[in-house]
Ligand SMILES: NC(=O)c1ccc[n+]([C@@H]2O[C@H](COP(=O)([O-])OP(=O)(O)OC[C@H]3O[C@@H](n4cnc5c(N)ncnc54)[C@H](OP(=O)(O)O)[C@@H]3O)[C@@H](O)[C@H]2O)c1
């Protein structure tokens, strides 16, 4: 069994733990929080036997094989570096880190210490995403010309939450641009990408709603809107010459439709219990093979994403 240490009691932890338990060989071994009381309460709630009141104790536990890092975005670099220095394999939640230099340093450290390292990007491992890729490659909707992504998460955070603090990696773009960019990297085999975009700030100064445009390989136009202040029709739409594919909730999708311009429509469904299990099984395959990186969600893709997001934030300054 591959023993997981969970770093923090973040709200996403419950869903990830469900994925580990559904996987072939993952064991939820321990959880750590900055507060012992919090660690104890969440360990009890999630049925985890071992808990620690500091992150350091989890890093030092020799039983832990792999650490899952879903802390505040701006702390991923610090937490990942600590885990790697303790010779642990690591999955870092998206966005991996905020700066290219930090990412390069972490991947080099993982290599030096023979540790597996990957950005957690469940969307690219979903059966729906794989099927959409296959359909596009088989020309089922004709050549894709335009793609539209929309994602809205209204009312989830108050202005005092770190998700509204740019320095901590908050903001709509840091929060969810990875889903758009990495989904496209997977579908179109790591294309060349150009980016531009606009945003509206909120009282904390962070981008509460943003829209960015991507051009893939100088051939496909993409528009992506992410909102923390309004609900949107959460979906990705791929427009080809013969029809279009609509993927609702593209970052966790379990179904989608193809609409043909002349021949009606077709529905595809891939029910799951945990949307994380596919990513987790992939990590286990990599670790068992002794790989230090995923062949799918690798360093090049993560770094391209960081650079694109950083480029926009620099333009907006
Ligand atoms: N893949 C996905 O589907 C998905 C979905 C949602 C979020 N995420 C990612 O998962 C990560 C966590 O997101 P979340 O919404 O679950 O976050 P959250 O509930 O706000 O939790 C963040 C955790 O970070 C820890 N932390 C350490 N230092 C902190 C500080 N100075 N201030 C606040 N918290 C601090 C806290 O744990 P302790 O107090 O226990 O130490 C806290 O529970 C983010 O990177 C996010 O992008 C991924």
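The values are calculated or read from the model by the stated rules, or taken from the named source; none is laboratory data. Computed from a predicted model, the values in this text were never measured in an experiment. All Cβ positions, even for glycine, are placed from backbone atoms using ideal geometry, and neighbour counts span all protein chains on display.
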## Note on the structure
Reported set for the range 286-317 where residues are surrounded by 14 or more Cβ atoms within 10 Å (Cβ to Cβ) and farther than 27 Å from residue 214 by Cβ is 286, 287, 291, 292
### Summary
For strands (runs of 3 or more DSSP E) lying entirely in the range 1-100, having 3 or more residues that are more than 21 Å from the chain's Cα centre (by Cα) picks out 26-32, 50-52
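Listed here are the residues, each with its yes/no results for (1) within 12 Å of the ligand (Cβ to nearest atom); (2) touching a strand residue (DSSP E or B) at 6+ places or on another chain (Cβ under 7 Å).
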residue	(1), (2)
86	no, no
90	no, yes
97	yes, no
102	no, no
108	no, no
120	yes, yes
127	no, no
135	no, yes
### Query
Going by the structure shown, is residue 54 touching a strand residue (DSSP E or B) at 6+ places or on another chain (Cβ under 7 Å) and within 15 Å of the ligand (Cβ to nearest atom)?
yes
### Of the criteria (1) surrounded by fewer than 22 Cβ atoms within 10 Å (Cβ to Cβ); (2) away from the ligand (no atom under 11 Å from the Cβ), which one residue 26 fails
(1)
### Message
Can you tell me which condition residue 265 does not meet? The list is (1) more than 23 Å from residue 22 (Cα to Cα); (2) not assigned by TED's automatic domain parsing to the domain that holds residue 147, and all the others hold.
### Response
(2)
### Message
So, residue 142, is that one within 15 Å of the ligand (Cβ to nearest atom) and either at pLDDT 95 or above or over 25 Å from residue 189 (Cα atoms) (or both) or not?
### Response
no
#### Entry: Unique residue being under 23 Å from the mean Cα position of the chain (by Cα) and free of Cβ contacts under 8 Å to residues at least 24 places away in the same chain when the list is 255, 263, 213, 192
213
